[in-house]
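Trainee: My questions all concern the structure below.
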Amino acid sequence: MLLGRERELSFIEKEYAASESFVILYGRRGMGKTSIIIEFLKDKRFLYFSATKEISKLHKERFKHCLDRFIGRHTKTPAEWEDMFRAFAQTNSGKKKVLVLDDIQYISVKSSEFFEILFDCWERYLKPANVMVLLSGNFTSVTAYDGSGRATGNETLQVPDFVKTMKIRQMRFNQVHGCFPELTFTELLERFLVAGGEPKYFKYFYNKTPLMENISRYVLDRDAPLYDEPLAILEREVREPAHYFSILKVLSKTQQKLHDIYSTLGERANTLSPYISSMIDLNHVVKRLPPTEPNPEKSRRGNYYIYSIFISFWFNFIYPHLDELEIGRKEEAIMHINSALGSGDHMWNLSYRVARDIFLWLCETKQFDFDPGIREKTGALRDKDKISLPLVSMEEGTERAFCALCKYNHCDPLGLPMLQELVERCAVNKDVRDRDIIYGLFSKTGFDSALVAQAENMGNVLLVNELDIVVAPREG
């Protein structure tokens, strides 16, 4: 079993068992879509084709080789999509066949009519033959197919209503924790502060090699694979990287409002807005709304932050030292990382992303009886431009609110002062003070006996050490 992707595999298996199975996995590059597909195919009869950056004629010729290999002999089938899809559908098989087209965006870019042909062949040949079609692509969104003949753009895929889709996102902290049981919580947290939950970075950082040694080897050397990772990504995805790069640089320090980005870069809103919208579409930037926002889909409020933890790490710890690194001097960068990675804004911001992941997981697995609703409504509350409560969730359909603090950089067990601070913050916050509040504290070093006793006495406190609940609120 591919650890951490049980939900995704369950979704694909359910569709495979259905009478009609047409599935698209989509999302940013490096999220592990191909690994999920490989795991799913282990006990299946399938034809797998991985598209590359080549002209349409070569795509079809290479697919023809895959088809012949699947059939077991050279065929006279013309190297045209309709003929080849029909031949695959007509091939006898002892079990349900799966047609897998991976990195499909490379075909769609070179052949604008490809999806029209595929959708038509699904209705005429593949569906009647009980074939499952499984596509994967680096699209950032999926919308309804308008039948115009232009089935896809550079970033958005349009699909008919018979297609089932799933966006593959980076893993949450609790999912990463399940993938690397050999690492302690502290070791995992340190690596998460650098690599986050993007599978493309797992091989570089999630191992027993000291973290600083891996950073030096894979990031700080000029020839290292991740040395200029943000620029390499932007050059691959956008035409004018300069504005995108600059926006990421501004957002790397902390979550920002739009006017902060405009004023820092000295650009007009109408100049930068298209770039910010594009970065949201590309999943490089995420807009986080206050948990109290009544209409999150239509709101213009909110703060913006970098989606990729590694990109945020790079801007905070690598970018300031590029001049020294270019001439082979790593010392200042290493000193900076050693002294500041476990503290400061980067650590603080990501600590709450970790605590948020754990909180949502506890709710989803019913270990904690609380309904946070959509993920986007769990976040920070601000008093003007200052964060007053960094982790808040409003329960759907009730007056209950969950408010929490976390401390992952302490060496000692957390004590009563932290709970008292949280209670005081909630008492003066107009958005939560009149609600039925559940207080939460997250730690990796446990809690002292006085805090545990007080939490049990209050009855409305959740204490979480690492991923385990130490004290849960009383029911009722």
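Read the figures in this text as sums done on the coordinates, not as results from a lab. Just so it is clear, the structure is predicted and the values come from calculations on it, not from any experiment. Methodologically, a virtual Cβ is constructed for each residue, glycine included, from the backbone with ideal geometry; neighbour enumeration extends over all protein chains shown.
Trainee: In degrees, nearest 10, range 0 to 90: what is the angle between the Cα axis of helix 6-17 and the longest Cα principal axis of the chain?
Mentor: So the inclination is approximately 30 degrees.
Trainee: How large is the dipole of the chain about the Cα centre if only Lys and Arg carry +1 and Asp and Glu carry -1, each at its Cβ, rounded to the nearest 20 debye?
Mentor: 1200
Trainee: Something else about it: Arranged by the count of other C-beta atoms within 10 angstrom, fewest first, what order do K203, K386, K253 take?
Mentor: Least to most surrounded, the residues fall as K386, K203, K253.
Trainee: Then there's this: Please order L416, L47, L362 by the number of other Cβ within 10 Å, starting at the fewest.
Mentor: In increasing order of surrounding Cβ atoms, one gets L416, L47, L362.
Trainee: As a footprinting exposure proxy, order I327, I280, I337 by other Cβ within 10 Å, with the fewest listed first.
Mentor: By the 10 Å Cβ count, ascending: I327, I280, I337.
Trainee: Where in the range 327-376 are there trypsin sites (Lys or Arg not before Pro) that are in a DSSP coil and have at most 16 other Cβ atoms within 10 angstrom of their Cβ?
Mentor: When the trypsin sites (Lys or Arg not before Pro) of the range 327-376 are filtered for loop state and at most 16 Cβ neighbours within 10 Å, R329, K330, K366 remain.
Trainee: Grab the beta carbon distance between I334 and R239, set R0 = 35 Å, and tell me the FRET efficiency rounded to 0.05.
Mentor: Calculated value: 0.50.
Trainee: May I pose another question? Dipole size in debye (nearest 20) for the range 370-453 around its Cα centre, Lys and Arg Cβ +1, Asp and Glu Cβ -1?
Mentor: Computed charge dipole of the range 370-453: roughly 240 debye.
Trainee: On alpha carbon coordinates alone, what is the Rg over Rh value for the range 209-341, Rh being the Kirkwood radius?
Mentor: 1.02
Trainee: In degrees, nearest 10, range 0 to 90: what is the angle between the Cα axis of helix 269-281 and the longest Cα principal axis of the chain?
Mentor: Between the helix axis and the principal axis of the chain, the angle is about 70 degrees.
Trainee: Next up: For the pair D161 and E39, how long in nm is the line joining their label points, each one 7 Å along Cα→Cβ?
Mentor: 3.3
Trainee: Also, I was wondering about something else. For the residue pair I280 and K386, what label-to-label distance in nm results when each label sits 7 Å from Cα along the Cα-to-beta-carbon direction?
Mentor: With each label placed 7 Å out from Cα toward Cβ, I get 2.8 nm.
Trainee: Can you tell me how much longer the chain between E182 and H410 gets when fully stretched, taken as 0.36 nm per residue apart minus their C-alpha distance, in nm with one decimal?
Mentor: Extra length available between E182 and H410 comes to 79.8 nm.
Trainee: Taking R0 as 35 Å, what FRET efficiency do you get between I71 and A232 from their Cβ-Cβ distance, rounded to the nearest 0.05?
Mentor: 0.30
Trainee: Okay, moving on. With each pseudo-label sitting 7 Å past Cα toward Cβ, what's the A129-E54 distance in nm, one decimal?
Mentor: 2.2
Trainee: So who's got an amide H within less than 5 Å of the one on F447, skipping anything under 5 residues away but keeping other chains? H placed 1.01 Å off N, in plane.
Mentor: Residues meeting the amide H criterion: L414.
Trainee: Using +1 at the Cβ of each Lys and Arg and -1 at the Cβ of each Asp and Glu in the chain, identify which of L467, C179, S56 lies farthest towards the dipole's positive end.
Mentor: S56
Trainee: Step through the residues of the range 344-353 one at a time and calculate ³J(HN,Hα) from phi using the Karplus curve (6.51 cos²θ - 1.76 cosθ + 1.60, θ = phi - 60°), rounding each to whole Hz and writing x for Gly and Pro.
Mentor: x, 4, 4, 5, 4, 4, 6, 4, 6, 5
Trainee: Measure out, as a whole number of angstrom, how far apart the alpha-carbon centroids of the range 195-260 and the range 411-476 sit.
Mentor: 35
Trainee: Sticking with this structure for a sec: What's the local net charge at G328, with K and R +1, D and E -1, over the other residues with C-beta under 13 Å away?
Mentor: -4
Trainee: Net charge near L467, counting Lys/Arg +1 and Asp/Glu -1 over other residues with Cβ under 12 Å of its Cβ?
Mentor: Combined, the nearby Lys, Arg, Asp and Glu give -1.
Trainee: How big is the equivalent ellipsoid of the range 305-420 along its three axes, where each semi-axis is √(5λ) from the Cα gyration tensor, reported in whole Å from largest to smallest?
Mentor: 34, 16, 13
Trainee: Using only the alpha carbons of the chain, what is the convex hull's orientation-averaged projected area in square nanometres?
Mentor: 25.7
Trainee: Can I ask one more? FRET efficiency for I117 and T365, Cβ-Cβ distance as r, R0 = 51 Å, nearest 0.05?
Mentor: E(calc), rounded to 0.05, equals 0.75.
Trainee: Going by Cα centres, the range 293-356 and the range 15-40 are how many Å apart?
Mentor: Using only Cα atoms, the two centres lie 31 Å from each other.
Trainee: With everything on Cα atoms, drop me the angle between helix 331-340 and the longest principal axis of the chain, reported from 0 to 90° to the nearest 10.
Mentor: The angle comes out at about 60 degrees.
Trainee: Under the rule of at least 5 residues apart or a separate chain, name every residue whose amide H is placed under 5 Å from the amide H of L462.
Mentor: Y439, G440, L441
Trainee: Dipole magnitude of the range 6-167 about its Cα centre, charges +1 at Lys/Arg Cβ and -1 at Asp/Glu Cβ only, in debye to the nearest 20?
Mentor: Dipole about the Cα centre, nearest 20: 520 debye.
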